[in-house]
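First comes the structure, then the notes that go with it.
The values are calculated or read from the model by the stated rules, or taken from the named source; none is laboratory data. Keep in mind it's a predicted model, so treat the numbers as computed, not measured. Neighbour counts are summed over all protein chains in view; Cβ atoms, including those assigned to glycine, are modelled from backbone coordinates with ideal geometry. Ligands, DNA and RNA are excluded from the accessible area calculation, which covers all protein heavy atoms including side chains. Shrake-Rupley method; radii C 1.70, N 1.55, O 1.52, S 1.80 Å.
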Amino acid sequence: MKIRKYLPVIILAYVLFFMIAFVTGLQNPLGVIVKSQYGVSMGVAMLGNFANFIAYAFMGLPAGLMLKKYGYKFSLLVAVTVAIIGLGLMFFSGQISRGLWMYFMGAFIAGFSMCMLNTVVNPLLNSIGGGGKKGNQLLQFGGTLNSIAATIVPFVVGFLMGRSARTVSADGFRHFEIADVNPMFFILVGIFAIAILAILFIDIPEEETLETKEALNRLIVKDDKYSCFSFRHFILGSVAIFLYVGVEVGIANFTNIYLIHEVGVDPRSAGVFVAFYWFFMFVGRLIGGSLGSKFSSRDMLQFSSIMAIILILITIFTPEKITITIGRYSLGNIPVNVVFLVLSGLFTSVMWGSIYNLSVDGLGKYTSTATGFFMMMVCGGGILPFIQGAFADLVGCRASFWLVVLCLVYIMYYGSTGHKNVNRKIPV
């Protein structure tokens, strides 16, 4: 009954789930444009992606505190407004000759807003579902929209870049500018503007509404000696989400690098396989959402981590000489081990919702602050791939996936044992 009553809120949350992934995924293809427009190295061009993820480390706790003090509606309005500011700075960076600093600032501010949105929509959907299996199911369906956005963003940016009429430079490469993708900025800002109107007029269930303001006030005691960090399963879950986001981003990034720099595949063909990874994540989340009410988060996390470990190990040990020839489509000889790497997206896809659901279980009044810290841990998507990159410089891209295996082993441990709440005597 609660889910039917709050259907408009769920739809709004799902739209915002889509936008979170789209704006976050935007930084990678935009890095190619930044490199072309400003003539910087690829490392500098990718700082936009780094800034977007590092913003989570700065904004996670403040976002959680804002949610706790002002509630869902106010926090959503602030987050969407900040998103418009960040996108606006990125847009204007393409209109001035020395706009690189403005682009990085816009990416950082956009990361702030995506962190705030994540801090709100995850506990909002989980609470509407009443936690447990139904809360996990709503989160898994939201995750499918994350995957759809991550899959299509490279194609949208690529299409707009392809429409550019700019001439080919002397070195044989086509010149691109941020202004080439202006229509995308207009559409994104328009969607966020509509979202502001929806937030203002939709009845969003605050924590006080779901659990009465008087009861909540009785729970909140001055100088509370406990916090979300008093719960072992939350601390272990925060580590799990840090590693998970690094695994999710790392697999996509290093699939691309591995195919181009170690196998010698054409960059466009490599991009197709990266898109397939995100597509399989979409499929996995769709299946996870369908089964979320039948299987517990614990069982789902254990199964998915074991299957992901098996696929990554097959990737590491399968010789590159075993290839798949797709000559008709000019994709070249693709090592079969990459197919297993891409298929891992089916199983990494359901980990976010499962880890979050298990981490905040039993936290009660500490959930909003916990969610804020949880969002800080998303910075793993910028830090762990950097560590994997340094490891890859020493041992090669394929061998660097041993780091991914270690992360997945920890996630498997969390799903089997680490998620148990051993602090049930703490009043929540």
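Below, the figures for the structure above:
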| item | result |
| --- | --- |
| Criterion violated by M375 - all others in (1) over 16 Å from L301 (Cβ atoms); (2) open to solvent by 10 Å² or more (accessible area, probe 1.4 Å) satisfied | (2) |
| Residue match in the range 415-426 (condition: closer than 19 Å to M281 by Cα and not small (G, A, S)) | no |
| Every residue from the range 92-104 that is in a helix (DSSP H, G or I) and closer than 18 Å to N28 by Cβ | S93, L100, Y103, F104 |
| Residue that is modelled with the lowest pLDDT [pool: residues in the range 268-313 that are crowded, with 24+ Cβ neighbours inside 10 Å and among the small types (G, A, S)] | G292 |
| Where a residue in the range 400-428 is over 18 Å from D299 (Cα atoms) and its partner, wherever it lies, is among the basic types (K, R), with Cβ under 8 Å and at least six apart | V422/R232; N423/R232; V428/K365 |
| Helices (runs of 4 or more DSSP H) (entirely within the range 326-417) containing at least 3 residues that are more than 23 Å from G130 (Cα to Cα) | 336-343, 345-348, 380-395, 397-413 |
| Filtered residue count, the range 175-206, keeping only those that are part of a helix (DSSP H, G or I), closer than 15 Å to A79 by Cβ and open to solvent by less than 20 Å² (accessible area, probe 1.4 Å) | 4 |
| Which numbered condition I85 fails, given (1) aliphatic (A, V, I, L, M); (2) modelled with pLDDT of 85 or more; (3) open to solvent by 40 Å² or more (accessible area, probe 1.4 Å); (4) farther than 19 Å from I199 by Cβ | (4) |
| Test: residue in the range 130-143 that is open to solvent by 20 Å² or more (accessible area, probe 1.4 Å), modelled with pLDDT under 75 and not in a helix (DSSP H, G or I) | yes |
| Subset of the range 386-428 (residues that are farther than 28 Å from G364 by Cα, among the aliphatic types (A, V, I, L, M) and open to solvent by 20 Å² or more (accessible area, probe 1.4 Å)) | I387, A390, L394, V395, A399, L403, L406, V409 |
| Any hit, the range 89-104, residues being closer than 30 Å to G39 by Cα, out of contact with any Phe, Trp or Tyr (no Cβ under 8 Å at 6 or more places or on another chain) and of a type in the set (S, T, N, Q) | yes |
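Every residue, every condition in (1) modelled with pLDDT of 80 or more; (2) under 23 Å from I128 (Cα atoms); (3) touching a Pro at 6+ places or on another chain (Cβ under 7 Å), yes or no:
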| site | (1), (2), (3) |
| --- | --- |
| F155 | no, no, no |
| A165 | no, no, no |
| P183 | yes, no, no |
| F186 | yes, no, no |
| I204 | yes, yes, no |
| I220 | no, yes, no |
| D223 | no, no, no |
| C228 | yes, yes, no |
| G237 | yes, yes, no |
